[in-house]
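For reference, the structure is listed below as structure tokens.
The values are calculated or read from the model by the stated rules, or taken from the named source; none is laboratory data. Quick caveat: nothing in here was measured; it's all calculated off a predicted structure. Every residue, glycine as well, gets a Cβ built from its backbone with ideal geometry; the counts of neighbours run over all protein chains shown. Accessible surface areas use protein heavy atoms only, side chains included; no ligands, DNA or RNA. Shrake-Rupley method; radii C 1.70, N 1.55, O 1.52, S 1.80 Å.
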Amino acid sequence: MKYNSNRLVLLTFAIMQMALASAQKTLFSYNNPQPLHEVRAVWLTTKQSLDWPKTKATDARSIQRQKQELRNILDDLHYVHINTVILQTRIRGSVIYPSKYEPWDACLTGTPGKDPGYDPLQFCIDECHARGMECHAWVVSIPLDKQSVQNSYGDASVASKHPELCRTAGEEMFMLPGNPATADYIANICREITEKYDIDGISLDYIRYPESLYKFSDDDLKGETTKSTSAWRRDNITRIVRAVHNKVKAVKPWVKLSSSPIGRYRNLKSNPTPGWNCMDGGFQNPVAWLKEGIQDMIFPMMYWKGENFYRSMYDWAENSSKRPVCPGLGIYFLDPRESNNNPWDINDVRAEMFAARNREMGGVALYRSDFLTRDCGGLFNCCYEELFMYPSLTTRMTWEGDTIAPSKPQNMHFTASRLSWDASTDYCPSSVVIPTSSHNYVTYNIYGSDKFPVDTRKAENLLCSRVMSRAFNIENISATKKYFAVTAVDRFGNESEPALGTYDGNDVCRNLDVRSLIFNTYQTAIPVIPEIDLASSDPSKYDSETDFDLSKLDMSNAIITKRGAPEKFRPRERLVLVSRNSRNIIDEDGPKKKLSITARNNLRKKAKREAKEREKQMQEGQQ
């Protein structure tokens with residue numbers, strides 16, 4: 001039989017391509033169990049509203065829309081088991097919270113220095129904690145943007161208040177690392193954030209000297225030191241990092257201090273890159289920071305693929321001082337618009353994530369939120385279905401000296417489809433003021449399994465983390481999980497022994513967990529406690545075993561929100577009514593309908609009218 005040579009070549013080529021694809025998929029597979037402890041961080045950028053906010057806060061309605069944008073982003077991140085949100089808080093000599101040091105950034109309202117009418121940082125912290133996620137304040141340290149931008153803030157700008165700390169290079173302005181007062185200034189901002197907020201971490205960005213293209217220099221401040229210019233500059237940056245550590249840890253030692261250094265620590269002989277590395281390019285020494293203990297973890301900006309990434313990753317791993325060095329991955333390269341129409345393949349990112357996990361780096365950080373939530377390159381689905389199939393806990397801070405675990409929860413029991421327990425006797429959210437507490441309070445991790453006893457070392461058994469209430473709705477979980485465990489965990493990550501329990505499924509649901517009420521699209525909306533009610537009172541009083549009179553709730557501030565992934569990527573959608581501190585938002589199978597803003601407003605108005613009518617009827621009945 002004669003074969004057409006062209007067909008044979010094409011067939012051979014096709015077989016080779018299939019083999020290559022198969023080999024590539026096999027090479028990048030990860031068959032080991034997912035780790036229980038793994039930092040899964042995302043940078044959420046506010047500069048020029050790159051990730052958030054898209055809507056400017058100019059009136060009451062736009063404020064609510066701006067808030068809802070953030071809720072939607074956090075819902076999507078929570079859906080794929082992200083556990084750490086790094087929110088850009090100090091942008092370029094401007095901030096997104098009321099500060100005595102610097103003015104409001106224009107990203108919130110469109111007007112430099114204008115108050116948006118609420119506290120975005122507080123709002124983000126509350127919303128992160130309501131979803132069991134950590135919130136870290138991202139503080140851009142040295143650059144101050146263009147001089148014209150600083151001028152727009154008038155007398156409130158750092159350039160106006162402290163001209164001795166600033167210097168112009170071309171059109172750009174920068175803080176002066178060589179002035180010791182710069183370290184105090186930046187550290188004071190970090191301390192202000194730590195004192196005012198229940199923040200989980202402070203992450204320093206651009207904590208280095210500017211790139212050479214700016215022709216910035218503060219060498220005139222060097223004085224008579226005998227150190228080389230490079231060593232003197234590294235000392236200047238380290239002085240800032242140390243000052244931040246000293247001022248933050250003195251207030252709350254559990255706040256995690258991190259930074260995002262240049263992705264390459266030093267110039268390796270096997271990978272020569274003169275000039276652009278931490279030591280000789282940015283004059284920063286993160287390895288020394290980890291060794292000295294003035295940083296808890298770092299997120300190197302390793303925005304490469306191939307050998308450049310892996311060589312640098314292993315160099316970081318060998319110099320980690322046994323602290324997390326979580327590679328920052330440039331997932332924006334998955335977007336053709338960001339990569340000159342030559343985007344990365346999803347396998348490039350998969351390989352880097354699995355390599356970091358295999359090497360036990362401690363986790364990864366993704367730059368930036370929008371490229372994940374838009375599912376660029378299929379990353380969102382890949383995280384949901386493969387990379388982050390189960391929730392994870394963040395790193396335990398054993399190096400801080402507090403390694404004593406809290407006492408375990410007591411008296412775990414089931415009422416209806418509700419798992420409840422008595423508080424750990426060490427610390428309890430109900431005994432302190434939240435969310436600005438300076439106390440090392442405990443939260444709770446919930447585990448479930450079809451085997452007894454529940455193995456709390458396995459990620460696949462973790463159902464929910466950082467729960468602040470003492471109850472958990474298991475209605476839609478008990479079908480697959482019969483055995484449950486609850487542990488108490490403190491702010492350092494120390495976890496108690498588990499309290500264990502078995503659910504026999506015989507209870508009848510008589511009580512509603514007000515932290516996790518479901519909105520069933522086939523029925524009417526279930527009333528929910530508004531944000532302000534849960535925030536202003538002792539959370540423990542909502543954990544009563546008695547029935548709660550939902551008819552007395554004020555529905556004026558209740559928000560109906562869509563939870564989960566963007567519609568076209570979501571394997572299962574859910575529509576819920578939820579309060580700020582809600583927990584255990586459960587998926588509901590079946591077709592769902594996305595509500596417009598008008599429909600949501602109409603529902604709120606209707607609920608408010610019904611609540612007022614019920615109140616009126618009750619008053620008439622009492623008379």
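Applying a 10 Å radius around every beta-carbon, put 187-193, 37-43, 217-223 in order of their mean neighbour count, most first. Could you put the intermediate results ahead of the total?
Numbers: 187-193: 21.3, 37-43: 24.7, 217-223: 12.4.
Final packing ranking: 37-43, 187-193, 217-223.
If R0 equals 56 Å, the separation of the Cβ atoms of residue 318 and residue 609 corresponds to a calculated FRET efficiency of about 0.30. Think of segment 336-470 as a dipole: +1 on every Lys or Arg Cβ, -1 on every Asp or Glu Cβ, centred on the Cα centre; then among 406, 423, 372, 423 lies furthest on the positive end. What share of all Cα pairs of segment 307-421, in percent, falls into each consecutive 10 Å distance bin? Taking all Cα pairs of segment 307-421, the binned fractions are 11, 33, 26, 18, 10, 2 percent. When each of the peptides 453-463, 491-501 is scored by the mean number of other C-beta atoms lying within 10 Å of its residues, the order from highest to lowest reads 491-501, 453-463. Above 18 Å lies some portion of the pair distances; for segment 52-132, what is it as a whole percent of all C-alpha pairs? Cα-Cα pairs of segment 52-132 separated by over 18 Å account for 40 percent.
Each residue of segment 104-115 was assigned a 3J(HN,Hα) from its phi angle through the Karplus expression (A = 6.51, B = -1.76, C = 1.60, θ = phi - 60°), giving 5, 6, 6, 4, 7, 10, x, 10, x, x, 8, 5 Hz with x at Gly and Pro.
For residue 138, the residues whose amide H sits under 5 Å from its own are 87, 88, 89, 90, 203, ignoring neighbours fewer than 5 places away on the same chain, with H placed 1.01 Å from N.
Residues of segment 279-294 falling in the label zone of residue 311, defined by backbone nitrogen less than 17 Å from a point 7 Å along Cα to beta-carbon, are 279-281. Counting only protein heavy atoms and a 1.4 Å probe, segment 362-431 has 37 square angstrom of accessible area per residue. Protection proxy ranking, highest mean first, for peptides 301-308, 225-232: 301-308, 225-232, where packing is the per-residue count of other beta-carbon atoms within 10 Å, averaged. Computed with a 1.4 Å probe over protein heavy atoms only, the accessible surface of segment 308-348 comes to 47 Å² per residue.
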